[in-house]
Amino acid sequence: MVLPIVKYGHPVLRKKGERIEAITPEIKKLIADMFETMEASHGVGLAAQQVGIAKQLTVIDVRAVTDRPSTLELDGKPAEVDSLMPLVLINPEIIPVGEPVAGPEGCLSFPEIFADISRPGAVDVQALDAKGRPIAFRCGGLLARAVQHETDHLNGVLFIDRMDKKTKAELQPELDDLQAATKKGLQKK
């Protein structure tokens, strides 16, 4: 089922997600619904907060993006990125590796708003997969950017928080309009 994506201004986007202690039928359904929602919205990642649920869960699939490569290492050896896709990360923990790299980002909770964001070029990731099994890998490129962006969501951090001051100031009128529209919509409920 395609779920509604909450937009900037909704308070759930600023909530740190609760850890997931068990893979229940509800969590399995949420994962399936999040993939369906992400695909319907042409996104590469989606955090539970973006569908109104403050849990430590994100889904990622970078296979459709061919102009921004990703790298993957499993057990210290290069691996095919597709071997991990589609990716479910539950309770992820990331460790930055390497120097920050600026790159374009957007967010399904910020329609039509894009900016270059500086993030480490690679990260080490530890999490649970959709079946609750531990997974660990190092990734770079777009996958590293997506993992960091979505993990930020799980901690109530938004990509606008990572923008440089000048970029955020330029986008402020659009951000204010989006936030006001979201809050107005919430008042009607």
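Residues that are within 18 Å of the chain's Cα centre (by Cα) and of a type in the set (D, E, K, R) occur in region 88-110; there is at least one. Residues being farther than 15 Å from G45 by Cα, under 16 Å from the mean Cα position of the chain (by Cα) and surrounded by fewer than 19 Cβ atoms within 10 Å (Cβ to Cβ) are represented in region 161-183 by at least one member. Contact map, region 1-28: residues that are part of a strand (DSSP E or B) paired with residues that are at pLDDT 95 or above, Cβ distance under 8 Å, separation 6+ or inter-chain. Pairs shown: K16/A54; K16/L154; K16/N155; K16/G156; E18/A54; E18/K55; E18/Q56.
Hey, among the residues in region 51-79 that are modelled with pLDDT of 95 or more and of a type in the set (S, T, N, Q), which one's farthest from L158 (Cα to Cα)? So, considering only residues that are modelled with pLDDT of 95 or more and of a type in the set (S, T, N, Q), the one farthest from L158 (Cα to Cα) is T71. Hey, any hits in region 91-110 for a residue that's buried (at least 19 other Cβ atoms within 10 Å of the Cβ), assigned to a loop (DSSP other than H, G, I, E, B) and at pLDDT 95 or above? The answer is yes; a qualifying residue exists. Of all residue pairs spaced 6 or more apart or on separate chains, those with beta-carbon atoms under 8 Å, a first member in region 141-170 that is closer than 27 Å to P78 by Cβ and without any contact (Cβ under 8 Å) to a residue 40 or more places away in the chain and a second member that is in a helix (DSSP H, G or I) and hydrophobic (A, V, I, L, M, F, W, C) are D152/F159.
The residues of region 94-111 that are touching a residue at least 40 places away in the same chain (Cβ under 8 Å) and acidic (D, E) amount to a single one, E105. All of (1) touching a strand residue (DSSP E or B) at 6+ places or on another chain (Cβ under 8 Å); (2) in a loop (DSSP other than H, G, I, E, B); (3) among the hydroxyl-bearing types (S, T, Y) hold for T66 with one exception: (1).
Condition check ((1) within 21 Å of D124 (Cα to Cα); (2) among the aliphatic types (A, V, I, L, M)) across all residues:
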site: E36; (1), (2): no, no
site: E39; (1), (2): no, no
site: I53; (1), (2): no, yes
site: R63; (1), (2): yes, no
site: T71; (1), (2): yes, no
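Just name the residue that is farthest from the chain's Cα centre (by Cα) out of those in region 69-87 that are assigned to a strand (DSSP E or B) and not basic (K, R).
Within region 69-87, the first condition is being assigned to a strand (DSSP E or B), and the residues that meet it are 70-74, 77-78, 87.
Applying the additional criterion that residues be not basic (K, R) yields 70-74, 78, 87.
Working: S70: 15, T71: 17, L72: 17, E73: 20, L74: 21, P78: 23, L87: 11 Å.
Per the stated criteria, the residue is P78.
Between A136, A144, A127, the distinction of being among the hydrophobic types (A, V, I, L, M, F, W, C), modelled with pLDDT of 95 or more and out of contact with any Asp or Glu (no Cβ under 8 Å at 6 or more places or on another chain) belongs to A144 only. Give me the residue from region 4-19 that is under 26 Å from G132 (Cα atoms) and of a type in the set (A, V, I, L, M, F, W, C) and, out of that set, surrounded by the fewest Cβ atoms within 10 Å (Cβ to Cβ). Ranking the candidates gives V12 first. Out of all the residues in region 161-189, which are assigned to a helix (DSSP H, G or I), within 17 Å of R119 (Cα to Cα) and touching a strand residue (DSSP E or B) at 6+ places or on another chain (Cβ under 7 Å)? Scanning region 161-189 gives R162, T167.
The values are calculated or read from the model by the stated rules, or taken from the named source; none is laboratory data. Note that the structure is a prediction, hence the values are computed from the model and not measured. We place every Cβ from the backbone using ideal geometry, glycine too, and count neighbours over all the protein chains shown.
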